[in-house]
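In what follows, a structure is listed as structure tokens, so that the remarks can point back to it.
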Amino acid sequence: MVHYSVLVSYGLTQWQGLADSVISNILLAACCLLIINNMRYYLPRQEKYWYVLVISGGLASVWLIAIRMLLWAIFQNEHAYLEMVSSSSTVRFGVAFLMLGCMATMSLLFFTQKEQKEMEARKMEAEKLAKEAELYKLRQQLQPHFLFNSLNSISALIGSQPEHARKMIHQLSDFLRGTLKKEERQLVNLEEEMQYLELYLDIEKVRFGHRLSTVMECEQACRAMKLPSLLLQPIVENAIKFGLYDTTGDITIRITAAANKNYLEVSVENPFDPETSSPKKGTGFGLSSVQRRLYLLFARNDLLETKVNDNLFMTIVKIPQPQ
Amino acid sequence: MKALIIDDEPLARSIVKEYLQHYPQIELVQECSDGFEGVKAIQQHRPDIIFLDIQMPKINGFEMLELIDNPPATIFTTAFDEYAIKAFEGHAVDYLLKPFSRERFDKAIQKWLGQANATVQKNNTQALLESVSHSAAQSQRIVVKTAGKIKIIPVEEIHYLEAADDYVKVHTKEGSFLKNRTMGHFEQTLGTDVFTRTHRSYIVNIQQITRIEPYEKESYVVILKSGAQVPVSKTGYAKLKQVLGL
């Protein structure tokens, strides 16, 4: 429109002005589309600005030549007008160059941003997947030792006490099913987790016989408190191992749960021999995976604590309660 | 023939016992629930064959065998121990992975009965112990026998080691103990960040060093916190300087 009125005001006929502006603008719009599409499929990585300059300059020249040829063909005999077209070439080129340059820069920015957003989304997705996988792996690290030794106990029981063997198979199955079905981030009641622990402890008691006894103390108030599923089992497993392999006598594992402000506090106690082992070594794989899991779930590193009290080793875990 | 079972899990012992009932010529002389009992029982009964678990309270199966001069033929029973299994595969000593079948057990017994040459077996057991003790857990402590008692020494409590004929003398604040291993063995298994071989016959815990003094031409002596003096050779001094960052 602007183009048309300017041309008419310079003394061109309406027909000339209309034809000129329609042709110029359609071609210019085509050039813009070309640039946008080009940017969509190919985003320059280096020397972006040179690329913008070159492409808009090049296209503006091609565009200028094209309209001149077209106008020449249409208005072959109107010399005054054709002269005007020639003399306005610089202006036309300038306008086209600026238009195309703006278009190129805008689409460059637009597509670059879009690409960055996509990349970010991909990265976040990848991080999430990695975290899920890590959590899954941490939880799956059920000690093969435990499994094979339990199976060996069952094998022994089959000969002497088949009824007992059957019971242990059921306990072991329930335990294994528990490790499989639970969701990573799912929070469960302490009550439920304690039942699961009981199952685990029953199996261990069959394995170790009279050497292992356990005490579980749980305040009524915290039975309904929440904690990540299967969090306590590796802590108890660690305590049993530490207790049983560091002493030769009978041991008692004491598990106490209490509510403390907005936290559920569970402590697991096992005896050890301070003469022969520095408790540092006791915090082997079992606890480092618990620590890692707590970090991934709550983004905190201060929820797991160990204490030494004479010949007792204590592991204390604090679980923040959802408000 | 006398047999001995050493395993901390009662049910694991009972299954070996059950399988053994099919061999009237083998008499089960005792069942032990840990390595301490095991050492005593082996000395008392001198069994022809032992069934030995690896993961046991206080000292593991390998450490127990190290305490016995001329250990008897051994069939290891274990649930899962990647490292140990790798060690077994290179040696003729048999091992049973829990839970094991009666057929597998019989095969192990046949193999043992078929090995007429007992010395071959002994050498195998020795070689196995050598290779197993390179494992991480066992380079953290040394198990020694002293006046009929078994002592577990965490490596950080060792002041220094001294070669003594076929043995190595382990010096600690509670005195010194003999261990039937070579200096080369300790040089390889003890962490080089803490232990340095300062001399052909000495390995020192560098955390125990208070000062280094010249001794004779081109040789030195380190003084430990305990007051003990340990010779340092010319090459030992170079190593020591490197470790201490001098």
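The values are calculated or read from the model by the stated rules, or taken from the named source; none is laboratory data. If you're wondering where the values come from, they're calculated on a predicted model, not measured in any experiment. Glycine also receives a Cβ, built like all others from the backbone with ideal geometry; neighbour counts cover every protein chain displayed.
Only residues that are assigned to a strand (DSSP E or B) and not hydroxyl-bearing (S, T, Y) were counted in the stretch B:193-233, giving 20.
Among B:D69, B:D48, B:D8, which is touching a Ser or Thr at 6+ places or on another chain (Cβ under 6 Å) and in contact (Cβ under 8 Å) with a residue 24 or more places away in the chain? Steps first, answer last, please.
Working: B:D69 fails: touching a Ser or Thr at 6+ places or on another chain (Cβ under 6 Å); B:D48 fails: touching a Ser or Thr at 6+ places or on another chain (Cβ under 6 Å).
Being touching a Ser or Thr at 6+ places or on another chain (Cβ under 6 Å) and in contact (Cβ under 8 Å) with a residue 24 or more places away in the chain holds for just one of B:D69, B:D48, B:D8, which is B:D8.
Mind listing whichever residues of the stretch B:36-60 are within 12 Å of chain A (Cβ to nearest Cβ), surrounded by 20 or more Cβ atoms within 10 Å (Cβ to Cβ) and in a helix (DSSP H, G or I)? If the condition is that a residue be within 12 Å of chain A (Cβ to nearest Cβ), surrounded by 20 or more Cβ atoms within 10 Å (Cβ to Cβ) and in a helix (DSSP H, G or I), then B:G38 is the only one that fits. Could you say whether any residue in the stretch A:116-125 is more than 14 Å from chain B (Cβ to nearest Cβ) and more than 42 Å from the chain's Cα centre (by Cα)? No; the residues of the stretch A:116-125 include none that is more than 14 Å from chain B (Cβ to nearest Cβ) and more than 42 Å from the chain's Cα centre (by Cα).
Any chance the stretch B:213-220 includes a residue that's within 21 Å of the chain's Cα centre (by Cα) and either surrounded by 18 or more Cβ atoms within 10 Å (Cβ to Cβ) or within 22 Å of B:L246 (Cα to Cα) (or both)? It would help to see each step written out before you state the result.
Step one: of the stretch B:213-220, the residues within 21 Å of the chain's Cα centre (by Cα) are none.
No, the stretch B:213-220 contains no residue that is within 21 Å of the chain's Cα centre (by Cα) and either surrounded by 18 or more Cβ atoms within 10 Å (Cβ to Cβ) or within 22 Å of B:L246 (Cα to Cα) (or both).
Residue by residue, here is whether (1) more than 30 Å from B:L96 (Cα to Cα); (2) in contact with a Pro (Cβ under 7 Å, 6 or more places away or on another chain); (3) basic (K, R); (4) modelled with pLDDT under 85 holds:
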position: A:M99; (1), (2), (3), (4): yes, no, no, yes
position: A:E115; (1), (2), (3), (4): yes, no, no, no
position: A:N152; (1), (2), (3), (4): no, yes, no, no
position: A:P162; (1), (2), (3), (4): no, no, no, no
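Sub-6 Å Cβ pairs linking a first residue in the stretch B:212-233 that is free of Cβ contacts under 8 Å to residues at least 24 places away in the same chain to a second residue that is part of a strand (DSSP E or B) and among the charged types (D, E, K, R), at least 6 apart or interchain, are B:V221/B:E213; B:I223/B:R211, ordered by first then second residue. Got at least one residue in the stretch A:99-118 being touching a Gly at 6+ places or on another chain (Cβ under 9 Å) and in the same structural domain as A:V6 (by TED's automatic domain parsing)? Yes, the stretch A:99-118 has at least one match. When the residues of the stretch B:1-35 are filtered to those that are out of contact with any helix residue (DSSP H, G or I) (no Cβ under 8 Å at 6 or more places or on another chain) and surrounded by 18 or more Cβ atoms within 10 Å (Cβ to Cβ), the one that is nearest to A:I203 (Cα to Cα) is B:R13.
Suppose the filter is at pLDDT below 90, outside any helix (DSSP H, G or I) and farther than 20 Å from B:M64 by Cα; does B:G236 pass it?
On the way: at pLDDT below 90: yes; outside any helix (DSSP H, G or I): no; farther than 20 Å from B:M64 by Cα: yes.
So B:G236 fails the test.
Can you tell me how many residues in the stretch A:244-263 are away from chain B (no Cβ under 14 Å) and part of a strand (DSSP E or B)?
Qualifying residue count for the region: 10.
Applying the set (1) surrounded by fewer than 18 Cβ atoms within 10 Å (Cβ to Cβ); (2) assigned to a loop (DSSP other than H, G, I, E, B) to A:S213 leaves exactly one unmet item: (2).
Give the residues of the stretch B:8-26 that are among the charged types (D, E, K, R) and either at pLDDT 95 or above or part of a helix (DSSP H, G or I) (or both), sorted by residue number.
First pass over the stretch B:8-26, keeping only residues among the charged types (D, E, K, R): B:8-9, B:13, B:17-18.
Selection gives B:R13, B:K17, B:E18.
If I filter the stretch A:132-149 for residues that are over 23 Å from A:F298 (Cα atoms), more than 13 Å from chain B (Cβ to nearest Cβ) and among the hydrophobic types (A, V, I, L, M, F, W, C), do I get at least one hit? Talk me through it step by step, then tell me what you get.
Just the residues of the stretch A:132-149 that are over 23 Å from A:F298 (Cα atoms), to begin with: A:143-149.
Narrowing the set further to residues that are more than 13 Å from chain B (Cβ to nearest Cβ) leaves none.
No, there is no match, as no residue in the stretch A:132-149 is over 23 Å from A:F298 (Cα atoms), more than 13 Å from chain B (Cβ to nearest Cβ) and among the hydrophobic types (A, V, I, L, M, F, W, C).
Within the option set A:K167, A:K241, A:K226, A:K205, being surrounded by fewer than 21 Cβ atoms within 10 Å (Cβ to Cβ), more than 30 Å from B:Q21 (Cα to Cα), within 14 Å of chain B (Cβ to nearest Cβ) and of a type outside the set (V, I, T) holds for one residue only, A:K241. Got at least one residue in the stretch B:189-205 being of a type in the set (F, W, Y), over 30 Å from B:E37 (Cβ atoms) and more than 22 Å from the chain's Cα centre (by Cα)? There is no residue in the stretch B:189-205 that is of a type in the set (F, W, Y), over 30 Å from B:E37 (Cβ atoms) and more than 22 Å from the chain's Cα centre (by Cα). Applying the set (1) away from chain A (no Cβ under 12 Å); (2) within 23 Å of A:I251 (Cα to Cα) to B:E9 leaves exactly one unmet item: (1).
In the stretch B:135-180, the qualifying residues are those that are free of Cβ contacts under 8 Å to residues at least 24 places away in the same chain, in a loop (DSSP other than H, G, I, E, B) and in contact with an Asp or Glu (Cβ under 9 Å, 6 or more places away or on another chain), and the one that is surrounded by the fewest Cβ atoms within 10 Å (Cβ to Cβ) is B:E174.
Here A:H145 passes the criteria (1) in the same structural domain as A:R177 (by TED's automatic domain parsing); (2) touching a residue at least 24 places away in the same chain (Cβ under 8 Å) except the one numbered (2). For the stretch A:241-251, give me each residue that is touching a helix residue (DSSP H, G or I) at 6+ places or on another chain (Cβ under 7 Å), at pLDDT below 90 and of a type outside the set (S, T, Y). Once the filter is applied, which keeps residues that are touching a helix residue (DSSP H, G or I) at 6+ places or on another chain (Cβ under 7 Å), at pLDDT below 90 and of a type outside the set (S, T, Y), the stretch A:241-251 yields A:F242, A:L244.
Residue check: A:L187 meets all listed conditions (1) closer than 30 Å to A:V54 by Cα; (2) touching a residue at least 24 places away in the same chain (Cβ under 8 Å) but one, namely (1).
Among the residues of the stretch A:282-323, those identified as at pLDDT below 85 and small (G, A, S) are A:G282, A:G284, A:G286, A:S288, A:S289. For the stretch B:41-67, filtered to residues that are charged (D, E, K, R) and within 17 Å of the chain's Cα centre (by Cα), the residue that is farthest from B:F105 (Cα to Cα) is B:K58.
Count of the stretch B:136-153 residues, restricted to those that are more than 13 Å from the chain's Cα centre (by Cα) and either modelled with pLDDT of 85 or more or small (G, A, S) (or both), is 2.
Determine, yes or no, whether B:E31 is more than 17 Å from B:Q126 (Cβ to Cβ), within 14 Å of another protein chain (Cβ to nearest Cβ) and among the charged types (D, E, K, R).
Working: more than 17 Å from B:Q126 (Cβ to Cβ): yes; within 14 Å of another protein chain (Cβ to nearest Cβ): yes; among the charged types (D, E, K, R): yes.
Spelling it out, B:E31 is indeed more than 17 Å from B:Q126 (Cβ to Cβ), within 14 Å of another protein chain (Cβ to nearest Cβ) and among the charged types (D, E, K, R).
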